[in-house]
1. Using the structure shown, list the pairs from K51/K155; K86/K174; K45/K82; K124/K181 with a Cα-Cα distance above 25 Å, or answer none.
2. Radius of gyration and Dmax for the chain's Cα atoms, expressed in Å?
3. Could you run the Karplus curve 6.51 cos²θ - 1.76 cosθ + 1.60 with θ = phi - 60° over the stretch 128-144 and give me ³J(HN,Hα) per residue in whole Hz, x for Gly and Pro?
4. How large, in percent, is the carbon and sulfur part of the accessible surface of the chain at a probe radius of 1.4 Å?
5. What translational diffusion coefficient, to the nearest whole µm²/s, does the stretch 78-166 have by Stokes-Einstein, given a Kirkwood radius computed over alpha-carbon pairs, a temperature of 10 °C and 1.306 mPa s viscosity?
6. Relative contact order (percent) for the stretch 39-115, with alpha-carbon contacts under 8 angstrom and 6 or more residues of separation?
7. Please compute the net charge surrounding I130, taking Lys and Arg as +1 and Asp and Glu as -1 over other residues with Cβ under 13 Å from its Cβ.
8. Once Lys and Arg get +1 and Asp and Glu get -1 on their Cβ, which of G158, G134, V186 lies farthest toward the positive end of the dipole of the stretch 105-190?
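The values are calculated or read from the model by the stated rules, or taken from the named source; none is laboratory data. Computed from a predicted structure; not experimentally measured. Here the Cβ is made from the backbone with ideal geometry for all residues, glycine too, and neighbour counts use every protein chain on show. For the accessible areas, the whole protein counts, side chains as well, though only heavy atoms, and no ligand, DNA or RNA atoms are used. Shrake-Rupley method; radii C 1.70, N 1.55, O 1.52, S 1.80 Å.
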Amino acid sequence: HINDQSIGIELVNQAECSTKHGSQYNYANNYICIFPDYDEVQIEKLILLLKEIISKHNEIKPTYIIGHSDVAPDRKYDPGPKFPWKKLYENGIGAWYDEQEYQEYMSAFRSEIPNISQIQCALKQYGYGIDITGKYDEQTFYVLRAFQYHFTPEKSNGQIHKETISALWSLLNKYFPESIKGDTLVDCQD
C-alpha cells in the first residue's frame, strides 16, 4: 500500500528502451535503454519542492526518498541512472553513502565480496523487495539494477560489482547500523 502513504512526483524525462534488433527479449542481455540527461532547471525546481514537502513532514526519512525502479524494479526503470540522486543528497534530500566508508569497503572487498545470499539479504535489509534464494536470478538482476541506478549509476548493468556491494554495505552501516557489524550482516542466513 505504498501509494496510500506516499507522494509521487512525475518528472518528464522519457527513456527509450527496446530489444536489440533481431533478438528476443532477455532481461539481462539485450534489453537496451537510452536515458537522456535531466534538465538542470527541472532538478532545481524538484529540489525546492522536495525541501518544502520534507519540511512539512518530519516522518519522511532519507531512505524514504526513492524512485519508481526502487519500488518496482522488475517493471520500472525510471528515473534511471542519470537522475542526480547524489545532488539531491547534497541538498539535504534522500540517502547517500559516505565516501570514506565506501572506500574502506572497496578495500575490504578487494579480494572477495559477499556471497549472493548475503547480497540479497543486504538489499532486503535496506528495504528492497527481494527473496533470499541464494541464486543470481531474475529478481536479483532487477533489484541490483535498481539499486545501481540509484547509488552506483556508472555500474548499472544489474551485475554484481564491488562498487555496488561497497555502496550497499556503506548505506546499511549509515542508515541501518543494527543490521551490520564491519563487513558482516546480522540476521542473515547463508
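1. On the way: K51/K155 29 Å; K86/K174 15 Å; K45/K82 17 Å; K124/K181 16 Å.
Pairs exceeding the cut-off: K51/K155.
2. Calculated on Cα positions, Rg and Dmax stand at 16.8, 51 Å.
3. 7, x, 9, 8, 8, 9, x, 10, 7, 10, 4, 4, 5, 4, 5, 5, 4
4. Values: 5360 of 11090 Å².
Here it works out to 48 percent.
5. Values: Rh = 13.6 Å.
The estimated diffusion coefficient comes to 117 µm²/s.
6. Numbers: 36 pairs, mean separation 21.1, N = 77.
About 27 percent, as a whole number.
7. On the way: positive: K124, K135, R145; negative: D70, D74, D131, D137, E138.
Net charge around I130: -2.
8. The residue sitting farthest along the positive end of the dipole is G158.
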